[in-house]
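Engineer: Below you will find the structure I want to go over with you.
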Amino acid sequence: MAFDARKPEDQGYLADFPPEMREQLRALIHDELVNAGLLKGLVPGNNAGNIAVNNGVLNTNLNAALLEGRNAAAFAVEGHTHATATQSSNGLMSNADKAKLDTINAGAEVNQNAFTNVSVGGVVIQADNKNDTLTLAAGNNIALTPDAANDRITVSLSGTVESANVAGRLSGARSIALGGKISATGIGFDGTRDITLNVTNVTADYCTGNAATASRLSASRLIRLTGNTTGENYFDGSGNVIINTTTEVAQRVEDMSSRNGFKTLVQACMALNDFFRIGVGGDNNNGYVEIATADDGIEPIYVRQYTGVFQNLIRTLTLLDGNGNTGFPGEVWARAFHGHADSSSNANALGGQSLQWVFEQINAAKTGIVASNLAQNGWVKFANGLIVQWGFTQEKRDGDVENYKIVYPIAYTRFCVPVSTCVIKNYDGIARVPEFSWGEVTLQYARYYRRWARFFVVIGV
């Protein structure tokens, strides 16, 4: 129960008073209620000199310094008004806001030029509410760069797009170079940037007029050779020209080399890493010419004949093959041969005739040597049957007179004639006349011959 100013009522009963009075007394004491008609001699009211009463009536000359921390000057006076704003002058609002406000239809929301639906790949994405949000998500190799300040989203490629029809770079870098009459060093290119090729072999930096496609010179020019070889002809580019030359003095090897020692006149690399040269050398009137190959010691040297302008190879002379052998494509003629040509295993002709034919001719003519044994005890046999034989023996013997037989290497069948026989002794004794037969010769010597030598030469058929 709270304080009630209507209590006690005039028609109340005394029996009800004590509890209500006790509450009234408690409220006066503890709730600090004051029920007084005057406050510092002033009565409540709305006029000047009254304690202001909030009863809906305007108080006169209210003495208040602040209202919610503001002075009276901060508040408009009663009846205050503002000028009406127009599109050209400010009022309660600015003229710019007024002009903007006039473009809005009353009670209506005009078209905002916004898409309600967005179609992507045949799928329609519809806004679910008035202020819905459309989200852009970056896929593989796609980069999205938002710019909130400028309300902009930049879509770009990221990484290598191998399957794209139009890619920002290649899956693998490639080298681009120029070759032919115009050359440039290769530069790696993967499509991520522009490249510039540095052309190093070009006739001119640029061409003007018809120079790039000209088929002839604007004026003919004379091409002239001077020196030991002379000649000249005019050339305008419309066709090839031939210069007829005259050589007055040929340059000598002596002019190209030193007097003594070796001088290389021509040297070249062949077959990647083999070498060739022509040179001259020697000292003190003992000069020579060298034609040489080099590297592994097996590079051959050829002398060849062609038809046309080196079109068809006809024959080859091999001076030295890889094994040091020499081969001739045709016949070889010389005044004489030395060495082992007579025993060559591949020699099958002499003067165009076979060796068998040569023997047959010798036998038919019955002339010439057909066999021989050119040893200390040897013989020579001619085609007509004549045989010349010779021999020599040496022996030491003591004793009575003896007969000693020497058997001929080849026995004669028709006759034989001794040309010479002798016995050389180194002690007393007498040599007797020898006895001859078709197959042997008998020499007789005296006893006590200590050391002797026997010689014989015999001719027969």
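The values are calculated or read from the model by the stated rules, or taken from the named source; none is laboratory data. What you see is a predicted model, and the numbers here were worked out from it, not measured in a lab. So basically every Cβ, Gly included, is an ideal-geometry build from the backbone, and we count neighbours across all protein chains shown.
Engineer: If you scan the stretch 272-303, which residues turn out to be surrounded by 10 or more Cβ atoms within 10 Å (Cβ to Cβ), small (Gly, Ala, Ser) and within 19 Å of residue 318 (Cβ to Cβ)?
Structural biologist: 292, 294
Engineer: Can I ask one more? Give me the pairs: first residue in the stretch 71-82 and surrounded by 10 or more Cβ atoms within 10 Å (Cβ to Cβ), second residue of a type in the set (A, V, I, L, M, F, W, C) and part of a loop (DSSP other than H, G, I, E, B), beta-carbon distance under 8 Å, and six or more apart or on different chains, which are they?
Structural biologist: Taking only residues 6 or more apart or on different chains, the pairs are 71/65; 72/64; 82/92.
Engineer: Within the stretch 360-412, track down each residue that is at positive phi and modelled with pLDDT under 80.
Structural biologist: If we filter the stretch 360-412 for residues that are at positive phi, which is where we start, we get 366, 368, 385, 399.
Once the filter is applied, which keeps residues that are at positive phi and modelled with pLDDT under 80, the stretch 360-412 yields 366, 368, 399.
Engineer: Please state which of the following conditions residue 92 fails to meet, knowing it meets all the rest: (1) more than 30 Å from residue 76 (Cβ to Cβ); (2) at pLDDT below 80.
Structural biologist: (1)
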